[in-house]
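Inspection log for the structure reproduced underneath, given as structure tokens.
The values are calculated or read from the model by the stated rules, or taken from the named source; none is laboratory data. Note that this is a predicted model, so its numbers are computed, not measured. All Cβ positions, even for glycine, are placed from backbone atoms using ideal geometry, and neighbour counts span all protein chains on display.
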Amino acid sequence: MNILFSVMGVVVFYYLSRFFGSKLNAFVASLAYSTVYYVWFSGEIHSTYASQLLFPVAVFYLLLRYERDHARWQLWLAAATFAVGAGFRPSDGIFLLPMTIYFCFTRMKRAEACQFFVILGVFCLGWVVPTYLGMQKQAGGLTENWQYASEMLTVLSVLHRLNLRSFGNLARYVIPLAAALWPILGIAIRTVTRGGSDRRVRALAFWIVPGSLFFVLVMITDPVYLNFLTPAILLLAVGSPRAMTVAAIWNLILFAALRPIPSQNIAVDVADCYVLQYTCYGVQHHTLLRLPDLLKARDQANRTSP
């Protein structure tokens, strides 16, 4: 699934980018998307985070296609795609809902928009039974999941009280995003402030803001959560291929060549924790044992066996 989600996510992102720029600009933006260090990490590590690389992108692409072509199958497929992505990560469905509501009720006839959400709701109901059965098999069942969600939204949230955990949420959001997208963040912000009347820019803002508020005010644990926001930010800067090229080269170097730095310095520790452990080094140490480790383990097993 990770292979499918990460590869197809980049392919669909290219076609989505064509709504915002030329073929060359779309290609460069797709290259930048494919090299963002935590995106690359997600495509390698077994996790549902990789689903964020495909489904939000595909939903927006299909909605834009439907607006242009008015082919009914595109509307139905957009609803099904939304439901599948929300099934993998329900939070993504909630975060993407404001964008879809805005786009559908401003760019479609009301009957078409209502049809989309009816189909979406029916598909989403298909997840109720398997989700219920899966949670029942967990140690704490539904009760533990509900208690965790309640604690997250109350005790752990900055909305409950301001503490060091609150600043940690902000750091886990800002530092990885800036480390990956610093060449284009200013361009993306400028596009939003200057292009507020463009319905596509507004839709992208509705894509970015809900998840960002949740991550900053409630909880974000890993940079890979930012997969959800990254395509929208890149789309805001499609018209700047030079900045995209710099971002792609920088992330290529960051992922392939850098690794955590042993240190007692708090700033270095923060960089290690929020950025550098999600590089190629992190992939190797999360999923693979190196050959010397395998040989050592084999020799130890041979010495301890009767």
Checklist entry - Which members of region 29-57 meet the condition of being surrounded by fewer than 24 Cβ atoms within 10 Å (Cβ to Cβ), among the hydrophobic types (A, V, I, L, M, F, W, C) and at pLDDT 95 or above? => result Leu31
Checklist outcome for this item: Picking from Phe19, Phe95, Phe13, the residue that is assigned to a loop (DSSP other than H, G, I, E, B) and either touching an Asp or Glu at 6+ places or on another chain (Cβ under 7 Å) or in contact (Cβ under 8 Å) with a residue 40 or more places away in the chain (or both) would be Phe19
Checklist outcome for this item: Only unsatisfied item for Ser240, checking (1) loosely packed, with under 15 Cβ neighbours inside 10 Å; (2) under 15 Å from Tyr33 (Cβ atoms), is (1)
Checklist entry - Exactly one of (1) within 18 Å of the chain's Cα centre (by Cα); (2) assigned to a loop (DSSP other than H, G, I, E, B) is unmet by Ser197. Its number? => result (1)
Item to check | Residue tally, condition in a helix (DSSP H, G or I), within 22 Å of Gln74 (Cβ to Cβ) and small (Gly, Ala, Ser), over region 98-137 | outcome: 3
